[in-house]
Amino acid sequence: MKFSVEEFRDWDRKCVTLMGMSGVGKTRLSNMLRKRDWFHYSGDYRIGTRYLDEQILDSIKEQAMRVPLLRDLLRSDSIFIRNNITFHNLQPVSTFLGMIGNPELGGIGLTEFKRRQHLHREAEIAAMYDVPGFMRKAHLIYGYSHFINDVGGSLCELDEPGLLDFLADHSLILYIRASEVDETALIERSVSSPKPLYYREEFLDEQLEIYMEMKGISYTPLIDPLEFISWVFPRLFRARIPRYESIAAEYGYTVTTEALAKVKDEADFLHLLEQVIEEDA
């Protein structure tokens, strides 16, 4: 949604969709505003607690059933397994996504990996279409005036017809672009401590072919899962930048991580938004 500064100021129930790579400050800002009059909607939390909850538990139970003691306890209903996903602990979601490669090193096969990637994509799309309903609940049930949609870093990868138009109809889309210094830090952190990621299938197939040829590997089960993620993350990061920028140019606005780091309260945030709206006019 595009605004004039006056229109933005007069918008009684503001809704802002925060877009950008993990680590650029989306959740920090959301938590800050939550202390004021902003409802924090986490797309990843919604994915894990609503759309992938059963699949996540099934994958955990599958692992547990391989341990005789746990298998017997589960079969006799002596124990149960549940998720403990919070805004600050989304590890069950990333664990479910998994890593492609050698199963002895924690990897999973290509077919299963792509199945989980597809489930995550469908879950993320569904979570975004839930935004207007949660906006209504945030106001009527919880009494919040404004709404922050804290989306996952893979929003730009979904390529779902109509989804961005839908989000733009209900929110101001704000892309948080990493500065050169922050970009380097984010890449270094992800390379040194790799985590499961969502990939567009076309991108994944392309990168797997390059990586396997470079390593002289003929089969995906020979891939070192952590090594592949460390190798592919910088490529994914840079492939997403033009996608983010294209979305922001058509549907919303852009701020840098440096500008966002100076935001200390709601007043700073609103002032920053007015600045980018005015600059875009």
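The values are calculated or read from the model by the stated rules, or taken from the named source; none is laboratory data. From a predicted model like this one, the values you see are computed outputs, not experimental measurements. Note that we place each Cβ from the backbone using ideal geometry, even for glycine, and neighbour counts take in every protein chain shown.
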- Message: Looking for something of a type outside the set (Phe, Trp, Tyr), assigned to a strand (DSSP E or B) and in contact with a Leu (Cβ under 9 Å, 6 or more places away or on another chain) - is there at least one such residue anywhere in the stretch 36-48?
- Response: yes
- Query: Is there a residue in the stretch 178-188 that is in contact with a Phe, Trp or Tyr (Cβ under 9 Å, 6 or more places away or on another chain) and surrounded by fewer than 16 Cβ atoms within 10 Å (Cβ to Cβ)?
  - Reply: no
- Name the one entry in Ser94, Ser4, Ser42 that is out of contact with any helix residue (DSSP H, G or I) (no Cβ under 6 Å at 6 or more places or on another chain), touching a residue at least 24 places away in the same chain (Cβ under 8 Å), surrounded by fewer than 18 Cβ atoms within 10 Å (Cβ to Cβ) and closer than 25 Å to Glu250 by Cβ. Ser4
- Failed condition for Ile148, given (1) of a type outside the set (D, E, K, R); (2) modelled with pLDDT under 95; (3) outside any loop (DSSP other than H, G, I, E, B): (2)
- State whether the residues of the stretch 180-187 include one that is in a loop (DSSP other than H, G, I, E, B) and at pLDDT below 95. no
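Here's the yes/no breakdown for (1) under 14 Å from the mean Cα position of the chain (by Cα); (2) assigned to a loop (DSSP other than H, G, I, E, B); (3) without any contact (Cβ under 8 Å) to a residue 40 or more places away in the chain:
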site	(1), (2), (3)
Gln117	yes, no, no
Ile125	yes, no, yes
Met128	yes, no, no
Phe134	no, no, no
Gly143	no, yes, yes
Cys156	yes, no, no
Glu160	no, yes, yes
- Query: Mind checking whether some residue in the stretch 199-222 is among the basic types (Lys, Arg) and surrounded by 15 or more Cβ atoms within 10 Å (Cβ to Cβ)?
  - Reply: yes
- Message: For the stretch 218-248, give me each residue that is modelled with pLDDT of 95 or more and outside any helix (DSSP H, G or I).
- Response: Ile223, Asp224
- Message: Residue under question is Leu158, and the condition is that it be in contact with a helix residue (DSSP H, G or I) (Cβ under 7 Å, 6 or more places away or on another chain) and hydrophobic (A, V, I, L, M, F, W, C); does it hold?
- Response: yes
- Query: From the list Leu57, Leu74, Leu52, Leu18, which one is at pLDDT 90 or above, under 30 Å from Ile277 (Cα atoms) and surrounded by 15 or more Cβ atoms within 10 Å (Cβ to Cβ)?
  - Reply: Leu18
